[in-house]
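Below is one structure, written out as structure tokens; the observations come after it.
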Amino acid sequence: MRYLLVLFVFCLTSFALAAPTSLTDQSQPYEVVPIESDISYESHILGELEGQPIMYEVKLDEDSKLVAQVWQPANRAAAKFALIAIRQNDRGGGVTEVARMNATPDSWIKQSDSQIGLTFLQSASINESVEAGTYRIEISTPENAGKFLLRIGDSEAEEGYLESLSSVRTTQEFFGHGLFSMLRSSLVYQPLLFFLLMFVVYKSWQYRKVVKIKAHVSN
């Protein structure tokens, strides 16, 4: 049984984990929201349009890959989200457009995320090699209304199991799902199934041990 527990702990540390997740924090409308995380690694930012676009800003100290994508829940009416990435010019002011995504939701991909335990409509990604500088990513719709998940980066992030559970719960709660929805996440149901399997194996081992003892006594 001790070896099964060790195997269980090992499996927890080897699961594919959810991306780090944060909530958009704006103290006033049109305030630019800084992205503090390393955009080389995948992270999720949850936001809601409430009458105006949301602008995110990231400052890069070196040449990087700018990857961004919009997700929205597949179980509600789809909104026509647009994503625009621009670069602030180093000289003379102004901005330069880097990439744009404004495809209608009927061309988005419906995809289940096993870690989050929800199904999303996922837009096409922007994927651009960019120089060091300051970049902004604007999310909008024609009505500037609706909840979304902004996915940044594409490399697997370094996050522990408990932190991943927190990210999953934050995402589910943001999109209106209760606590029992956590059972849909592979981070929850896979360990539960594994624990159940361990319990069955342990009980089987106990039963065989009792049978052997009885057989030895009867002889």
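What is the angle, in °, between the Cα long axis of helix 2-14 and the longest principal axis of the Cα atoms in the chain? Nearest 10 is fine, range 0 to 90. It is inclined by approximately 10 degrees. Relative to the longest principal axis of the Cα atoms of the chain, helix 186-218 runs at roughly 10 degrees.
Over all distinct Cα pairs, what is the inverse of the mean 1/r for the chain, reported as the Kirkwood hydrodynamic radius in Å?
It works out to 19.9 Å.
To the nearest ten degrees, helix 161-174 and the longest principal axis of the Cα atoms of the chain are 60 degrees apart.
In this structure, the amide hydrogen of residue 114, modeled 1.01 Å from its nitrogen in the peptide plane, lies closer than 5 angstrom to no residue at least 5 positions away or on a different chain. Here the extension length gained between residue 23 and residue 141 equals 40.6 nm, from 0.36 nm per residue of separation less the Cα-Cα distance.
Convex hull volume per residue, computed on the Cα atoms of the range 15-89, equals 137 Å³. Placing dummy labels 7 Å off each Cα toward the beta-carbon, the span from residue 50 to residue 102 is 2.7 nm.
Of the residues 193, 52, 24, the one whose Cα sits farthest towards the positive end of the charge dipole of the chain is 193 (charges of +1 on Lys and Arg Cβ, -1 on Asp and Glu Cβ, taken about the Cα centre). Hey, how much of the P(r) for the range 110-210 falls beyond 22 Å, as a percent of Cα pairs? So the pairs more than 22 Å apart make up 53 percent of the total in the range 110-210. Per residue of the chain, the DSSP helices (runs of n ≥ 4 H) give a summed -39500 (n - 2.57) that works out to -9500 deg cm²/dmol at 222 nm.
FYI, it's all coordinate maths here, none of it is from the lab. Keep in mind that this is a model prediction, so the values were computed, not measured. Cβ coordinates were reconstructed from backbone atoms using ideal geometry, including for glycine residues, and neighbour counts include every protein chain displayed.
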